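Q: Supplied in structure tokens, the structure appears directly below.
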Amino acid sequence: MIRLLSVVGARPNFMKIAPIVHELKKYELRKHELEKHELKKDDSKKFPAIEHCLLHSGQHYDELLSGNFFADLGLPAPDVNLEAGSGSHAVQTAEIMKRLEPVLLDYKPQMVLVVGDVNSTIAAALTAVKLGIGVAHIEAGLRSFDMTMPEEINRKLTDAVSSLLFVTEQSGVENLKREGVAAEKIFLVGNVMIDSLLRHREMAAKSPLLDRLGMRQNGAGCRAYGVLTLHRPSNVDDTETLQGILSAVSSIATEFPVFFPMHPRTRKNIESFGLLRFIGNSAGCNDSGIVPLDPLGYLDFLSLNDRARIVLTDSGGVQEETTVLGVPCLTLRENTERPATVEHGSNHIVGVDPDRILKTARAILEKPTGAPRRPPLWDGEAAARIVTILREHLQRENHA
């Protein structure tokens, strides 16, 4: 018996764990067959039973930020929800650790799977390793080299205590080796976020969102539009920075609408900073301007990005998704921990200077979008590789 526990807490985690959950179901089926004696005893070594517990920390607890993602991704309801809620980085991380420890002591998993770089990731990794439980980090090795980012701290610390490091791109392998990580811990497996995208792209194309927004033309074509996402504190907590970004995007939005699914924190700051003048009316005709939207579910958001002429974002995951979709992406940061999206994909790092944002956007819009190029192993099979490695590793441990 292999017993695993996966921890998720925020929207990006859900897209990354979904392919793992779907892949593990294949081996949960083996368990069911074995119990019915439909496989020979010798086959139990070839197909070890897997028991999997999906735990939600409750870091994102709003239905718009969490619940509808589970439905869109076909994820089962979590087996455990810690309901940790929000708070400062220290408070939230500590609360998750405090609530997770008794669950691990009771469930006794052989390994804890953590994904990404949010507070739930580092909280779960620290709690598990201090109990002597192995940790597997999915999306390991990414580095922005900017220690002012909470995510960078979470990434580095999680990698430091993990037994298995599953990496999305070659830069992650090189970063980990440079940090002295043993090569036998590092596995370049591809990108589970892209597994989810490729699995759901056709379903997302059926979303009625573009019709509701008035973007769908007769037939299959769409009117030109852009997409904006902003959530990083460095962008949304500083009045001057946020105003500069919105000013630049407003200039772009004179040519076509730019749809802006607004994180609750971002919406609150726009209102309190007196920047609503840059935001249009969501009930308008959507011919131009920045059009605010409520947070979208996974399928609606994928549909929106897939047909966009340009995307402006400070999100790491959106950089990856637009690379595979072949949609030009302007990253509103001075760095990226995902250089493959620049080297292979459609990503441009433009920072937050309004003139630079506008200049790069206009240069992109003046030329046709090129054919998408995917980084190596971004083929929809990352989860299968991860589960194979996990099974082999845990089998060896069981027989040691």
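The values are calculated or read from the model by the stated rules, or taken from the named source; none is laboratory data. Please read these numbers as outputs of a predicted model, since none were measured by experiment. Positions of Cβ are backbone-derived with ideal geometry, glycine not excepted, and every protein chain shown enters the neighbour counts. The area values use the complete protein model at the heavy-atom level, side chains included, leaving out ligands, DNA and RNA. Shrake-Rupley method; radii C 1.70, N 1.55, O 1.52, S 1.80 Å.
Q: Do any helices (runs of 4 or more DSSP H) entirely within the range 198-301 hold 2 or more residues that are farther than 25 Å from residue 13 by Cβ and β-branched (Val, Ile, Thr), and if so, which?
A: Those helices (runs of 4 or more DSSP H) span 239-252.
Q: When you scan the range 246-269, do you find a residue that is open to solvent by 50 Å² or more (accessible area, probe 1.4 Å) and touching a Cys at 6+ places or on another chain (Cβ under 9 Å), even just one?
A: no
Q: Here's a follow-up. List every residue pair whose Cβ atoms sit under 7 Å apart, with the two residues 6 or more apart in sequence or on different chains, where the first one lies in the range 118-145 and is touching a residue at least 40 places away in the same chain (Cβ under 8 Å) and the second, anywhere, is open to solvent by 10 Å² or more (accessible area, probe 1.4 Å) and among the aromatic types (Phe, Trp, Tyr).
A: Between residues of the range 118-145 that are touching a residue at least 40 places away in the same chain (Cβ under 8 Å) and residues that are open to solvent by 10 Å² or more (accessible area, probe 1.4 Å) and among the aromatic types (Phe, Trp, Tyr), there is no close pair.
Q: Which condition number does residue 311 fail, the rest of (1) at pLDDT 95 or above; (2) open to solvent by 30 Å² or more (accessible area, probe 1.4 Å); (3) not in a helix (DSSP H, G or I) being met?
A: Failing condition for residue 311: (2).
Q: Go through 161, 129, 115, 135 for me and flag whichever is closer than 24 Å to residue 395 by Cα, in contact with an Asp or Glu (Cβ under 9 Å, 6 or more places away or on another chain) and of a type in the set (A, V, I, L, M, F, W, C). Spell out how you get there, then give the answer.
A: Working: 161 fails: in contact with an Asp or Glu (Cβ under 9 Å, 6 or more places away or on another chain); 129 fails: in contact with an Asp or Glu (Cβ under 9 Å, 6 or more places away or on another chain); 135 fails: in contact with an Asp or Glu (Cβ under 9 Å, 6 or more places away or on another chain).
Answer to the check: 115.
Q: Okay, moving on. Pick from the range 359-379 the residues that are basic (Lys, Arg) and over 13 Å from residue 309 (Cβ atoms): which of them is most open to solvent (accessible area, probe 1.4 Å)?
A: Filtering the range 359-379 for residues that are basic (Lys, Arg) and over 13 Å from residue 309 (Cβ atoms), the one most open to solvent (accessible area, probe 1.4 Å) comes out as 359.
Q: Something else: Could you please find all residues in the range 78-102 being surrounded by 24 or more Cβ atoms within 10 Å (Cβ to Cβ) and of a type in the set (Gly, Ala, Ser)?
A: Scanning the range 78-102 gives a single hit, 84.
Q: If you don't mind, there's one more thing I want to ask. Tell me yes or no: at least one residue of the range 103-120 is assigned to a helix (DSSP H, G or I), at negative phi and open to solvent by less than 10 Å² (accessible area, probe 1.4 Å). Break it down stepwise before answering.
A: Here is the first cut: in the range 103-120, the ones assigned to a helix (DSSP H, G or I) are 103-107, 119-120.
Adding the requirement that they be at negative phi leaves 103-107, 119-120.
If we keep only those that are open to solvent by less than 10 Å² (accessible area, probe 1.4 Å) as well, we get 104, 120.
Yes, the range 103-120 contains a residue that is assigned to a helix (DSSP H, G or I), at negative phi and open to solvent by less than 10 Å² (accessible area, probe 1.4 Å).
Q: Okay, moving on. Could you tell me which numbered condition residue 132 fails, if it satisfies all but one of (1) assigned to a loop (DSSP other than H, G, I, E, B); (2) within 20 Å of the chain's Cα centre (by Cα)?
A: Evaluating residue 132 over (1) assigned to a loop (DSSP other than H, G, I, E, B); (2) within 20 Å of the chain's Cα centre (by Cα) leaves (2) as the failure.
Q: Provide a single number: the residues in the range 338-358 that are over 15 Å from residue 249 (Cα atoms) and either touching a helix residue (DSSP H, G or I) at 6+ places or on another chain (Cβ under 6 Å) or open to solvent by less than 10 Å² (accessible area, probe 1.4 Å) (or both).
A: Number satisfying all stated conditions: 8.
Q: Turning to a different aspect of this structure: Condition first: of a type in the set (Val, Ile, Thr) and either open to solvent by 40 Å² or more (accessible area, probe 1.4 Å) or not in a strand (DSSP E or B) (or both). Now tell me which residues in the range 135-158 satisfy that.
A: Scanning the range 135-158 gives 148, 153, 158.
Q: Separate question: Would you call residue 72 open to solvent by 10 Å² or more (accessible area, probe 1.4 Å), free of Cβ contacts under 8 Å to residues at least 60 places away in the same chain, out of contact with any Ser or Thr (no Cβ under 7 Å at 6 or more places or on another chain) and closer than 26 Å to residue 25 by Cα?
A: So residue 72 fails the test.
Q: Among (1) open to solvent by less than 50 Å² (accessible area, probe 1.4 Å); (2) touching a strand residue (DSSP E or B) at 6+ places or on another chain (Cβ under 9 Å); (3) of a type in the set (Gly, Ala, Ser), there is one condition residue 288 misses while meeting the rest; what is its number?
A: Condition not satisfied by residue 288: (1).
Q: Name the pairs whose Cβ atoms lie under 6 Å apart, with the first residue in the range 344-369 and closer than 16 Å to residue 225 by Cα, the second assigned to a helix (DSSP H, G or I) and of a type in the set (Val, Ile, Thr), and 6 or more positions between them or separate chains?
A: As it stands, the answer is 361/252, since those pairs meet every condition given.
Q: Output the number of the condition that residue 65 fails; it satisfies all remaining conditions of (1) open to solvent by 60 Å² or more (accessible area, probe 1.4 Å); (2) under 25 Å from residue 192 (Cα atoms); (3) out of contact with any strand residue (DSSP E or B) (no Cβ under 9 Å at 6 or more places or on another chain); (4) modelled with pLDDT under 75.
A: (1)
Q: Oh, and also: Return the only residue of 171, 162, 207, 196 being among the hydroxyl-bearing types (Ser, Thr, Tyr) and in contact with a strand residue (DSSP E or B) (Cβ under 8 Å, 6 or more places away or on another chain).
A: Only one candidate passes the filter, namely 162.
Q: Has the range 330-337 got at least one residue that is open to solvent by 10 Å² or more (accessible area, probe 1.4 Å) and touching a helix residue (DSSP H, G or I) at 6+ places or on another chain (Cβ under 7 Å)?
A: Checking the range 330-337: at least one residue is open to solvent by 10 Å² or more (accessible area, probe 1.4 Å) and touching a helix residue (DSSP H, G or I) at 6+ places or on another chain (Cβ under 7 Å).
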